[in-house]
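Enquirer: Mind looking over this structure? Questions follow.
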Amino acid sequence: MSNGVVIFAHNNGDIDYASLSLIAAKLAKTHLNVPVSVITDKETFSSVDQKEFQNVFDKIIFTPPSTTNNTRNLYDGVESKKVKFLNDLRPSVWDLTPYDRTLLIDCDYLIMSNTLSNYWDNENELLISGKYNDITGDERVGYHDRYVSDTGVKLYWATTVMFTKNERTKLFFDLVEHIRNNYNDYGDLFRFSTKQYRNDISFSIAKHILDGYISADVDLPPVLSTIDKDMLHSVDNGKLTFLLTPQSNQNYVFASVTDLDVHVMNKKSILRNAKELV
Amino acid sequence: MDDVLKKALDFSNYRKTFAIQHKILKEKADSRLTYGFNGGIFKIDRTLITFVQMLEDKGRISGVVLLDVNDTPIMIADLLSFKEDIFDRYFNTTYEYYEEYEKMKKNRNVESLIK
């Protein structure tokens, strides 16, 4: 049985997702010791050092470019900008992955430990992280970081998803796609905001339905996260130093992290530290 | 008064940084104490260690079924080898946690805390 990591990388004109995917891939290869493949589009691929891409990635898989109009406000510390959010192709991972057991990660998820290696042989064929774990503690964690809406179901974090390729997980990803295609209807049903398409919500609802409308607490580890108002300040020999704003928009405090997987939502700050990270 | 207030704010900043660094250390220890075995996931803690030691003391060292963190029954064919793995990992991890925490306690300002 083959194990491997898959990362989506589609540049959106503002964020260099291709470079982010290279960083995430190099770290994943180092710490998990498995091959990493990228799913990208021709335009993104034309913007990169193709030799380096070919060296780092096990397979480069092409899809047509995303056609979504999805947008979001992305912060880089105190500055923010409305950017395209090209996240609609995730359900295609089942068809495109070259591996029997796949770990799908966001390209801003920096794997700095081998913790996820514990799950390759896990008997559960679909595992998603079931909890957002803010680096500063619980003060910044809101209800909608834990549930899809005020009255909705548990929110899973599609930042890390591990699955075995079989008919049952195919059903899951088909259902995610169906929810994406009928997002407004599901928004009415599960009472979540449809202003912005979120994979976390589609994955959560698909999981809820396929678990038989009950909570099944078999998850990947919580996603240790820094928000985009935080900044990755510097990287030194595997030590990541962050500037965090514990009450959001208030004074910054420092924190340093080593040997822990961390979701760094401030993508530009990852790119500023690209050389030191890898 | 300004000086008093500055000192209070500095100390508050130090305490916040200390709390976050402590949380990060605990996360690191938790992550290392997660142990995948034979398709199951175990959290290596005092309860697991004590139970495994009790099984060994009772002579039940092969073909033992343990419930993992999700209450899934997992077959442990060789309990002694399993015990050795979890003991090693537990003592290495907690010792490292202790060392890093002691180092952190000695640092009385933000700058040295994150060094």
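The values are calculated or read from the model by the stated rules, or taken from the named source; none is laboratory data. These numbers come from a predicted model, not from an experiment. We place every Cβ from the backbone using ideal geometry, glycine too, and count neighbours over all the protein chains shown.
Enquirer: Within the group B:80, B:55, which residue is in contact with a Leu (Cβ under 8 Å, 6 or more places away or on another chain) and more than 13 Å from chain A (Cβ to nearest Cβ)?
Expert: Numbers: B:80 fails: in contact with a Leu (Cβ under 8 Å, 6 or more places away or on another chain).
Of the residues listed, the single one that is in contact with a Leu (Cβ under 8 Å, 6 or more places away or on another chain) and more than 13 Å from chain A (Cβ to nearest Cβ) is B:55.
Enquirer: Would you point out the residue of segment A:237-257, among those that are surrounded by fewer than 16 Cβ atoms within 10 Å (Cβ to Cβ) and within 10 Å of another protein chain (Cβ to nearest Cβ), that is modelled with the highest pLDDT?
Expert: Looking only at segment A:237-257, we keep the residues that are surrounded by fewer than 16 Cβ atoms within 10 Å (Cβ to Cβ), and these are A:237-239, A:247-251.
This time we only want the ones that are within 10 Å of another protein chain (Cβ to nearest Cβ), so: A:239, A:247, A:251.
Details: A:239: 95, A:247: 73, A:251: 78.
By that ranking, first place goes to A:239.
Enquirer: In segment B:21-39, which residues are under 25 Å from residue A:164 (Cβ atoms) and either facing another protein chain (nearest Cβ under 7 Å) or of a type in the set (Ser, Thr, Tyr) (or both)? Break it down into steps so the answer makes sense when it comes.
Expert: To start, the set of residues in segment B:21-39 that are under 25 Å from residue A:164 (Cβ atoms) comprises B:31, B:34-39.
Hits for segment B:21-39 are B:31, B:34, B:35, B:36, B:39.
Enquirer: Kindly provide the set of residues from segment A:1-50 that are over 30 Å from residue A:123 (Cα atoms) and of a type in the set (Lys, Arg), ordered by number.
Expert: Result: A:42, single match.
Enquirer: Of the numbered conditions (1) without any contact (Cβ under 8 Å) to a residue 12 or more places away in the chain; (2) within 13 Å of chain B (Cβ to nearest Cβ); (3) small (Gly, Ala, Ser), residue A:234 satisfies every one except a single condition; which is it?
Expert: Single failed check for residue A:234: (1).
Enquirer: Within segment A:235-255, can you find the residues that are small (Gly, Ala, Ser) and out of contact with any helix residue (DSSP H, G or I) (no Cβ under 7 Å at 6 or more places or on another chain)?
Expert: Step one: list which residues in segment A:235-255 are small (Gly, Ala, Ser), which gives A:238, A:248, A:255.
Selection gives A:238, A:248.
Enquirer: For segment B:69-79, which residues satisfy the criterion of being surrounded by 12 or more Cβ atoms within 10 Å (Cβ to Cβ) and at pLDDT 95 or above? Before you say what the answer is, go through the steps one by one.
Expert: Step one: of segment B:69-79, the residues surrounded by 12 or more Cβ atoms within 10 Å (Cβ to Cβ) are B:69-70, B:72, B:74-76, B:78-79.
Scanning segment B:69-79 gives B:74, B:75, B:76, B:78, B:79.
Enquirer: Got a sec? Which of B:59, B:40 is under 19 Å from residue B:83 (Cα atoms) and surrounded by fewer than 16 Cβ atoms within 10 Å (Cβ to Cβ)? Even if it seems obvious, please write down each step before you answer.
Expert: Numbers: B:40 fails: surrounded by fewer than 16 Cβ atoms within 10 Å (Cβ to Cβ).
Of the residues listed, the single one that is under 19 Å from residue B:83 (Cα atoms) and surrounded by fewer than 16 Cβ atoms within 10 Å (Cβ to Cβ) is B:59.
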